[in-house]
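A short worksheet on the structure shown next.
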Amino acid sequence: MAWACAGVASADVTVAPAGAFSASGKLAMKKGAIPVSCHTTFNGQVSEQGAIRVTEVIFGGMNPLCKSIKALALPWQGQVDHPGRLTVDDMQVKVRVPLLGGVCGPGPVSLVWGNTDGSATFDAVTLGPDCAMDGTMVTSPQVDIRAAGRSAETVRHPGASQDAS
């Protein structure tokens, strides 16, 4: 079965493995004055060229407020901008808390990518009008993002000779 990603992928990257992914970790989210930390899982697809499609987001954990957060307008589209950064273009969540709740987004969020553990980090990411997020999501299977034409061996061992002859 074929799938398509509507995000504009970077022609300068190679993503492996392409296909389904899950990214999970602790996400600290703040809506106005209400902070809450939740175990969060993002499920979706990524193409070899870096187009991202998030199809499901699950907010869970011990804090009962986590059940009040819901992803809106899925699927979210995005792309790998370069090997160290990716963007989700249309992220939107709703916090259902009386008086202080509301919608965050839609809007783009930029995440820092780490190949060491296949992780995407929300580093003081803001999403209008009054939301902020911090946390690191680790992918499964572990996703590797490289500059096009560069193998993992080239990047991990830049001083090593590629030609033994």
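Remarks
- Just one residue in the set G118, G135 is crowded, with 16+ Cβ neighbours inside 10 Å and in contact with an Asp or Glu (Cβ under 8 Å, 6 or more places away or on another chain); that residue is G118.
- Selection from segment 78-105 of residues that are touching a residue at least 12 places away in the same chain (Cβ under 8 Å) and hydrophobic (A, V, I, L, M, F, W, C): V80, L86, V88, M91, V93, V95, V97, L100, V103, C104
- L100 among the aliphatic types (A, V, I, L, M), assigned to a loop (DSSP other than H, G, I, E, B) and either closer than 26 Å to D144 by Cβ or out of contact with any Pro (no Cβ under 7 Å at 6 or more places or on another chain) (or both): yes
- Within segment 55-67, none of the residues are in contact with a Gly (Cβ under 8 Å, 6 or more places away or on another chain), closer than 14 Å to L127 by Cα and either free of Cβ contacts under 8 Å to residues at least 60 places away in the same chain or among the β-branched types (V, I, T) (or both).
- Subset of segment 68-103 (residues that are buried (at least 16 other Cβ atoms within 10 Å of the Cβ), under 30 Å from T14 (Cβ atoms) and of a type in the set (G, A, S)): A71, G78
- Exactly one residue among T154, T126, T136, T121 is at pLDDT below 95 and outside any loop (DSSP other than H, G, I, E, B), and that residue is T154.
- The C-beta contact set for segment 110-121 (first residue without any contact (Cβ under 8 Å) to a residue 24 or more places away in the chain, second residue surrounded by fewer than 19 Cβ atoms within 10 Å (Cβ to Cβ), distance under 6 angstrom, 6+ apart or interchain) comprises T121/V112; T121/T136.
The values are calculated or read from the model by the stated rules, or taken from the named source; none is laboratory data. Keep in mind that what you see is a predicted model, and the values were worked out from it rather than measured. We place every Cβ from the backbone using ideal geometry, glycine too, and count neighbours over all the protein chains shown.
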